[in-house]
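Since the structure comes first, as structure tokens, the remarks are kept for the end.
The values are calculated or read from the model by the stated rules, or taken from the named source; none is laboratory data. Just so we're clear, the structure is a prediction, and the values are computed from it rather than from any experiment. Here the Cβ is made from the backbone with ideal geometry for all residues, glycine too, and neighbour counts use every protein chain on show. Surface areas here come from the heavy atoms of the whole protein model, side chains and all, with no ligands, DNA or RNA. Shrake-Rupley method; radii C 1.70, N 1.55, O 1.52, S 1.80 Å.
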Amino acid sequence: FMQRGLDSQTKKQLEEEEKKIISEEHWYLDVPDLKEKESYIIEERSFLRCEDLVYGRMSFKGFNPEIEKLMIQMNSKCKEEEIEEDDQMEADVSDEEMARRYETLVGTIGKKFLRKRDQRVLKDDDEDDEVEERNSNTRPNKRAKKMFLKPQD
Amino acid sequence: MAAEHGTAAEALVGQVVLPGDLLLLPAHYDEDAEGERLRLSAGAAPQGRLLCGPGLRRSGAGLLVTKCGLLRHRPAGGGAYWVDSQQKRYVPVKGDHVIGIVTAKAGDVFRLDVGGSEPASLSYLAFEGATKRNRPNVQVGDLIYGQFVVANKDMEPEMVCIDSSGKSSGMGIIGQDGFLFKVSLGLIRKLLAPKCEIIQELSQLYPFELVLGMNGRIWVKAKTVQQTLIIVNILEACEYMTAEQRKQALAKLSGN
């Protein structure tokens with residue numbers, strides 16, 4: 001029959017030979033690990049990071065109002081970077097209120113995604129015993145509807 | 001070549017250095033000498049890394065000077081040393097904002113002349129709000145203010161007109177009219193310094209708009225042609241004028 005490729009036996013032989021020659025350590029060089037020199041010096045070819053240069057587009061005395069707005073924005077960006085870390089956003093809603101809202105929210109949204117049968121079960125759990133009786137009456141009726149009705153001969 | 005004895009970097013700040021000078025850094029930056037700590041004249045020991053700016057190269061534990069000029073130092077933020085040199089020819093550097101002139105449209109890419117050795121490329125999608133269907137209206141001969149995103153000696157420089165957050169923030173096509181001229185790179189840096197007297201004095205004269213490219217190109221636009229030319233002449237001449245001469249010239253103008 002058709003034989004493409006080596007026999008399983010010859011494959012095994014080759015593997016064993018390879019293993020003898022190449023062991024796990026073959027893949028690591030014998031050179032000792034070079035200590036990575038911590039470089040404290042960064043080379044930089046741009047003047048922008050050395051000197052504090054302002055933005056190149058400028059407008060004076062209201063010649064171009066958009067650029068004047070941009071100038072204020074750009075030049076205050078440099079100063080704002082230092083202050084950013086200190087500012088914290090004040091919360092509009094307190095934490096307690098948030099927790100209360102979230103609790104109820106999860107329940108209502110969760111109900112939305114229940115399938116019909118589960119919804120019924122959920123409803124029954126919530127209601128009182130008195131109401132349960134009424135429901136129990138309706139339950140077998142509904143169940144009866146859903147069960148397969150044998151055709152009468 | 002004889003190895004030169006290096007001199008301490010702080011000693012030469014503000015003085016002329018020549019290519020080939022070796023600057024020694026204080027022992028903070030040398031991981032071997034942990035016991036000896038030299039005190040910097042500035043005071044507290046700088047933390048973080050030292051920035052080795054244009055005109056300097058790292059060599060061993062010191063810095064080798066490659067351009068002649070004045071040595072500058074900034075002690076803030078880890079410290080930075082660089083050489084303040086004068087030149088007219090621009091070499092594209094990543095992150096620089098420059099003014100380019102559109103010379104050709106090649107398919108989806110514009111070729112811009114920025115004054116370097118090669119024309120830079122600018123993709124039509126690199127504008128704010130540009131999509132494949134909504135192309136920017138750029139013609140040959142337009143002026144564009146953009147920044148380099150790729151600029152090294154091995155590759156063709158590439159430019160974009162949006163910043164990292166996708167906003168144009170002032171970059172893009174520069175409008176109609178106005179006057180473009182070329183000055184040396186040192187003057188541009190002087191003009192872009194945080195509190196430049198020249199710019200402050202000029203802004204008192206009349207309303208005008210100014211765009212400065214780091215490649216030595218300046219674009220000026222004022223209400224009348226005469227005002228534009230006056231500003232151009234002042235900017236070109238103020239490189240070699242002293243502060244007093246400049247104030248006299250401006251006083252004459254405002255008197256007119």
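A few points about this structure:
- Where B:A80 falls short, out of the listed (1) outside the structural domain of B:E158 (by the TED database); (2) open to solvent by 70 Å² or more (accessible area, probe 1.4 Å); (3) modelled with pLDDT under 90: (2)
- For segment B:47-73, the set of residues classified as at pLDDT below 85 and either touching a His at 6+ places or on another chain (Cβ under 7 Å) or surrounded by fewer than 16 Cβ atoms within 10 Å (Cβ to Cβ) (or both) consists of B:Q47, B:G48, B:S59, B:G60, listed by residue number.
- For segment B:142-175, the set of residues classified as basic (K, R) and touching a Ser or Thr at 6+ places or on another chain (Cβ under 7 Å) is empty.
- Taken over segment B:104-126, residues that are under 17 Å from B:I162 (Cα atoms) and either touching a helix residue (DSSP H, G or I) at 6+ places or on another chain (Cβ under 7 Å) or open to solvent by less than 20 Å² (accessible area, probe 1.4 Å) (or both) amount to 7.
- Residue within segment B:83-96 that is at pLDDT below 85 and at the interface with chain A (Cβ under 8 Å from one of its Cβ atoms) present: no
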